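Peer 1: Supplied in C-alpha cells, the structure appears directly below.
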Amino acid sequence: MRRKQRSSNLFVYGSLMRKEVIKRCINRIPKSKKAVLNGWKKILDPFFPYPFLIKHSFAKVEGLFYFRLSHKKMEELDRYESCDRGFYRREKVVIDVRTSGKKDLVEAEVYVGDMLEKKYKKNLEKRRISE
C-alpha cells in the first residue's frame, strides 16, 4: 500500500511570485491567492541580489500563497532557493489569506534568508545595546 505524501502550503514574497519563475522551478503554475505575513519584514540588502525576511513585531510582508505543493515540488524549490548552501531555510508561519473580504489564517512555509538573517539580528542587537 502506498502512503500519500504530505503536501505543503507556501508563502512567497520575491522572485517566486513571478509566473515564469515558479513555472521554471516546478513545471507548473500552482493555484495562488494574495496573502500577508504579519510579524516579518522584507529586507533588500545591497550586497545580496534577493530579498529575505527577518522577524519584526510591527512589520508585514505582502505576497502570494501557493497551496498544496507536493513534497517533491518543495524539494525542487529548496534547490532553487539554495537551502543546501545555507542561503535560505524553510520556516513554518501563519499567514493571512484574504478570501471574499474576510480574514482567513492559514499555516504555510516561507523561505527565510538564513545566513543574512543572522547578520541582521546581530546588527539590530548592537543598535539596541548602544542606544
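The values are calculated or read from the model by the stated rules, or taken from the named source; none is laboratory data. These numbers were taken from a predicted model, which means no experiment stands behind them. All Cβ positions, glycine included, derive from the backbone under ideal geometry; neighbour counts span all protein chains shown.
Peer 1: Any residue in segment 54-81 that's free of Cβ contacts under 8 Å to residues at least 12 places away in the same chain: show its pairings with residues that are crowded, with 18+ Cβ neighbours inside 10 Å at Cβ separation under 8 Å, as long as the two are six or more apart or on different chains.
Peer 2: Listed pairs, sorted by first residue: none to list.
Peer 1: Go through (1) touching a helix residue (DSSP H, G or I) at 6+ places or on another chain (Cβ under 7 Å); (2) surrounded by 14 or more Cβ atoms within 10 Å (Cβ to Cβ); (3) in contact (Cβ under 8 Å) with a residue 60 or more places away in the chain one by one and return the number of the condition R6 breaks.
Peer 2: So the condition that R6 fails would be (2).
Conditions (1) in a helix (DSSP H, G or I); (2) of a type outside the set (G, A, S); (3) modelled with pLDDT of 90 or more, marked per residue:
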position	(1), (2), (3)
G39	no, no, yes
F47	no, yes, no
K55	no, yes, no
R79	yes, yes, yes
L105	no, yes, yes
